[in-house]
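Beneath this line is the structure, given in C-alpha cells, with notes to follow.
The values are calculated or read from the model by the stated rules, or taken from the named source; none is laboratory data. Nothing here was measured: the structure is a model prediction, and the numbers come from that model. Positions of Cβ are generated from backbone atoms using ideal geometry, with glycine treated the same way; all protein chains shown enter the neighbour counts.
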Amino acid sequence: MPRVKRGFKARQRRNKVLKAAKGFRGGQSKLFKTAAIAVDRSRMYAYRDRKTKKHDFRKLWIIRINAAARENGISYSRFIGGLQKAGVDLDRKVLAGMAVYDPAGFAQLASVASENC
C-alpha cells in the first residue's frame with residue numbers, strides 16, 4: 001500500500017480553521033489544535049445565541065412597553081389586553097419603537113387600550 005502524505009487536503013483543512021480563528025487571542029489564532037477547539041466552541045455559542053437573541057429582544061421590548069404604558073397610567077398586561085380587545089394588531093417590536101420614538105402615538109394607543117380593558 002503506498003504511503004499517503006496528505007499535503008494539500010490537510011493544509012486546506014487547517015487553513016480553513018485558522019482563517020475562522022482570525023482575531024482570536026494568542027495561540028487560539030496561531031496553533032491548529034487550539035484554534036480548532038476555539039472555533040468549535042465559538043460556533044456552538046453562535047448557534048445558541050442566535051436563539052437567545054430573540055428572547056433578549058422580546059424581553060427588552062416588553063420592558064420598554066411597560067415603562068411607557070405606566071407613564072400613561074396603565075399596566076403592561078392591561079395595555080396588551082386592551083389592544084387585543086380593541087383589535088389593534090401591532091407586535092411588541094413596533095409598540096416598543098413607538099414607545100421610544102413616538103410617545104404621542106403611544107399615548108393614543110394607551111387611551112384606546114384603557115377604554116377597552
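Residues in the range 1-17 that are part of a helix (DSSP H, G or I), without any contact (Cβ under 8 Å) to a residue 12 or more places away in the chain and not aromatic (F, W, Y) were compared, and the one that is nearest to L95 (Cα to Cα) is K16. In the range 4-12, is there at least one residue being at pLDDT below 95, surrounded by fewer than 10 Cβ atoms within 10 Å (Cβ to Cβ) and among the β-branched types (V, I, T)? Yes, the range 4-12 has at least one match.
Helices (runs of 4 or more DSSP H) fully within the range 18-117 that include at least 2 residues being surrounded by 11 or more Cβ atoms within 10 Å (Cβ to Cβ), without any contact (Cβ under 8 Å) to a residue 24 or more places away in the chain and in contact with a Lys or Arg (Cβ under 9 Å, 6 or more places away or on another chain): 32-71. Scanning the range 31-45 for residues that are under 12 Å from K19 (Cβ atoms) and under 25 Å from the mean Cα position of the chain (by Cα) gives a single hit, V39.
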